[in-house]
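Colleague: Before I ask anything, here is the structure I am working with.
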Amino acid sequence: MMLTLVIVASLAIGIGANSAIFSVVDALLLRPLPYPEPDRLAAVWLHSPAIGILRDWPSPGQYVDIQNENHSFERMALAQSRAFILTGREQPERIDGVRTQSSLLEMLGAKPLLGRLLLPEEDKPGKADVAVLSEPVWRRLFNSDPGIVGRRL
């Protein structure tokens, strides 16, 4: 009886681990990225091992240099991950986001459920910031309120 339990438990652990590993491999390696032409997307990183930087995003100035010297990429966009503080609600809330140019969302095939995406003229310095909310943020923080479109955050 005890031997049977040990065998069943071993099989259950083995099958569960195998299933979990396959799910990760399937999601990360086997399925195509959910973007149009994912094989044509590339991320550009800076590599400065002499000063201990193995992978870093280009600064805006470096990005402009790369863009001006570009002979390989059809379109480019600068994107920086960062935290934002959302105010105008009962409690300010820290949310993770990306500060980017309008062309990134177009390259990734983004389609708005409501409102619009970023416009090229909003990429210029001095223009007011525009937020594009993800669906989970819209649902969680604004209870899927369609009236959020055009509101100041």
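The values are calculated or read from the model by the stated rules, or taken from the named source; none is laboratory data. In this text the structure is predicted, and so the values were computed from the model without any measurement. Positions of Cβ are backbone-derived with ideal geometry, glycine not excepted, and every protein chain shown enters the neighbour counts. Calculation scope for accessible area: heavy atoms of the full protein, side chains included, ligands and nucleic acids excluded. Shrake-Rupley method; radii C 1.70, N 1.55, O 1.52, S 1.80 Å.
Colleague: Would a scan of the range 84-103 turn up a residue that is under 17 Å from residue 130 (Cβ atoms) and charged (D, E, K, R)?
Modeller: Taking the range 84-103 as the starting set, the residues that turn out to be under 17 Å from residue 130 (Cβ atoms) are 84-88, 95, 97-103.
Among the residues that remain, those that are also charged (D, E, K, R) are: 99.
So far as the range 84-103 goes, yes, one or more of its residues are under 17 Å from residue 130 (Cβ atoms) and charged (D, E, K, R).
Colleague: Residues that are open to solvent by less than 70 Å² (accessible area, probe 1.4 Å), at least 3 per element: which strands (runs of 3 or more DSSP E) completely within the range 21-113 meet that? Step through it out loud before you land on a result.
Modeller: On the way: elements: 46-48, 53-56, 79-86, 93-100.
Answer list for the range 21-113: 79-86, 93-100.
Colleague: When you go through (1) more than 17 Å from residue 35 (Cβ to Cβ); (2) free of Cβ contacts under 8 Å to residues at least 40 places away in the same chain; (3) out of contact with any helix residue (DSSP H, G or I) (no Cβ under 8 Å at 6 or more places or on another chain) one by one for residue 88, which number turns out not to apply?
Modeller: Against the list (1) more than 17 Å from residue 35 (Cβ to Cβ); (2) free of Cβ contacts under 8 Å to residues at least 40 places away in the same chain; (3) out of contact with any helix residue (DSSP H, G or I) (no Cβ under 8 Å at 6 or more places or on another chain), residue 88 comes up short only on (2).
Colleague: Within the range 114-143, can you find the residues that are surrounded by fewer than 12 Cβ atoms within 10 Å (Cβ to Cβ) and over 18 Å from residue 94 (Cα atoms)?
Modeller: If the condition is that a residue be surrounded by fewer than 12 Cβ atoms within 10 Å (Cβ to Cβ) and over 18 Å from residue 94 (Cα atoms), then 116, 119, 120, 121, 124, 125, 126, 127, 128 are the ones that fit.
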